[in-house]
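What follows is a set of notes on a single structure, which appears directly below.
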Amino acid sequence: MTVDSTIIYAFLLTLFAGLATGVGSLIGLLSKKFNPKVLTIALGFSAGVMIYVSMVEIFAKANRSLAAVLGTKNGHIMTVVAFFTGMFFIAVIDKLIPSYENPHELNVENKIQHASEKEKSKLMRMGAFSALAIAIHNFPEGLATFMTGINDPALGISIAVAIAIHNIPEGLAVSAPIFYATKSRKKAFVYSFLSGLAEPVGALIGYFVLRSFFTETTFGFIFSSVAGIMVYISLDELLPTAEEYGEHHLAIGGLIAGMIVMAVSLILFM
């Protein structure tokens, strides 16, 4: 491949991985009615995906990158600091954005038929937060896919496919709450689609702007921070809302299923 064709090839791989978020959104929008059980399972599943990939894959990658530069102990310390920095960052954003108080307990039938404006706003806000977390997550991920595609086109394919599989349930994490809040399939799809576009945007910015500054240390710190953000979103937004809209065991079952799917995808593309 020529230099130009290699760059185009790497960008197309990254675009493919990012667009998989939209596929997840479409899958989540197949349900034609407001079904609280589907919402509960979907949110639990999404939380499972985000927690597992954050703790098992993203945190570990960040730790390896930082340990290679700073040494085993200092690298691990920096990884932990970055992880909680990500949590603190999203917690501050959470505080700055006005929120409604948690609605009083309503029976499930009432929630289906007469969802209040407060409940809809809460779901919409949660979907927007998920979109933000996933977009931030996709940004360095897109850069990593792009750079790998340039340096090793064959390995780039494996990474792009693995990331695409990760992105499908992440699209579900964004689209499900927004759809149930607005009843608009278009809005749910657009938010999810845009969060996925952060992947090719990250690739372009990384190549044209950051390539001379993007070190192993920067990569590791950003990735670990993203892991913290995604875990915070899962624990603070996804799981509590899943519990509100359905049975406890459905939420936990969805969470475990999400972890299993993510674990299998990581094993298949090792």
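When the helices (runs of 4 or more DSSP H) confined to region 107-193 are screened for residues that are modelled with pLDDT of 75 or more and surrounded by 17 or more Cβ atoms within 10 Å (Cβ to Cβ), those reaching at least 3 such residues are found at 117-151, 153-182. If we keep just the residues of region 206-221 that are at pLDDT 80 or above and crowded, with 17+ Cβ neighbours inside 10 Å, which is farthest from M126 (Cα to Cα)? Among those residues, the one meeting the criterion is G220. All conditions in (1) within 16 Å of the chain's Cα centre (by Cα); (2) closer than 29 Å to S65 by Cα hold for F213, with the sole exception of (1).
Take the conditions (1) in contact with a Gly (Cβ under 9 Å, 6 or more places away or on another chain); (2) under 30 Å from F179 (Cα atoms); (3) of a type in the set (A, V, I, L, M); (4) modelled with pLDDT under 90; M87 misses just one of them, which is (4).
The values are calculated or read from the model by the stated rules, or taken from the named source; none is laboratory data. Fair warning: this is a prediction, and the values are worked out from it, not measured in the lab. For neighbour counting, all protein chains shown are included, and Cβ atoms are generated from backbone atoms with ideal geometry for every residue, glycine included.
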